[in-house]
Amino acid sequence: ALTPKEAKKKIARVCKEAVSMITSGCDQIAKRFLSDRLPPALTPNEAAFTSDNRAESGGKIFPNTLVRLAKPGLARLVIEDDKAVIYHSLDNSRVYHEQPLSPLEFEIDDAPALEMLLTTTEPHWICVQDLIHGDIEDKMEISQALYDEGILAMFQSDIPDRSIQTG
């Protein structure tokens with residue numbers, strides 16, 4: 001017979017494995033959905049802040065730049081093989097599965113910042129310097145990569161903070 005302590009350990013192990021399987025299954029379903037869907041149609045208001053319209057500060061991200069997901073549901077963060085991978089539907093064709101998904105890979109330590117970026121949606125903005133990450137250059141590079149891909153919208157509310165330069 002199991003002691004209550006041993007039973008709790010076994011139940012915790014089974015629950016942890018079940019949560020891992022559910023998370024993996026949800027990631028697979030989300031990737032399939034992103035692969036199957038048409039490219040998102042941005043409203044004029046959404047498109048005004050994306051990389052297709054680089055009016056503000058030449059499309060360069062600074063520490064005091066405000067960013068958010070360009071349109072809810074267009075991207076998903078998945079952890080695969082100790083990498084943070086962003087899957088999105090922006091490059092999808094209007095012809096079903098004409099092009100495969102083109103994921104963006106990041107280091108695993110970028111995942112908290114990526115999650116913050118992908119969960120900040122209209123009407124909210126997040127300042128790049130407020131992202132969870134060790135150094136400001138990485139915060140700017142992560143944001144710039146997602147902005148250049150069209151995943152993020154950008155708003156520069158005041159004079160860009162040019163004290164830190166990347167790339």
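The values are calculated or read from the model by the stated rules, or taken from the named source; none is laboratory data. Owing to the predicted nature of the structure, the values given are computational and were not obtained by experimental measurement. Note: ideal-geometry Cβ built from the backbone for every residue, glycine included; neighbour counts use all protein chains shown. When the accessible area is computed, the model is the full protein with side chains, heavy atoms only, and any ligands, DNA or RNA have been set aside. Shrake-Rupley method; radii C 1.70, N 1.55, O 1.52, S 1.80 Å.
Observations
- Taking the criterion of being of a type in the set (Asp, Glu) and open to solvent by 80 Å² or more (accessible area, probe 1.4 Å), the only residue of region 27-52 that qualifies is ASP52.
- Filter pass, LEU38 being closer than 18 Å to MET140 by Cα and over 13 Å from the mean Cα position of the chain (by Cα): no
- Of the strands (runs of 3 or more DSSP E) lying entirely inside region 1-101, those carrying at least 1 residues that are hydroxyl-bearing (Ser, Thr, Tyr) are 83-88.
- Residues of region 104-120 satisfying the condition of being open to solvent by less than 40 Å² (accessible area, probe 1.4 Å) and either out of contact with any strand residue (DSSP E or B) (no Cβ under 6 Å at 6 or more places or on another chain) or in a loop (DSSP other than H, G, I, E, B) (or both): ALA113, LEU117, THR120
- The set of residues from region 122-144 being of a type outside the set (D, E, K, R), touching a strand residue (DSSP E or B) at 6+ places or on another chain (Cβ under 7 Å) and open to solvent by 40 Å² or more (accessible area, probe 1.4 Å) comprises HIS124, TRP125.
- Residues satisfying the stated conditions in region 67-103, i.e. open to solvent by 30 Å² or more (accessible area, probe 1.4 Å), modelled with pLDDT under 95 and among the aliphatic types (A, V, I, L, M): ILE79, LEU90, VAL95, LEU101
- Selection within region 81-133 - hydroxyl-bearing (Ser, Thr, Tyr) and more than 17 Å from LYS71 (Cβ to Cβ): SER93, TYR96, SER102
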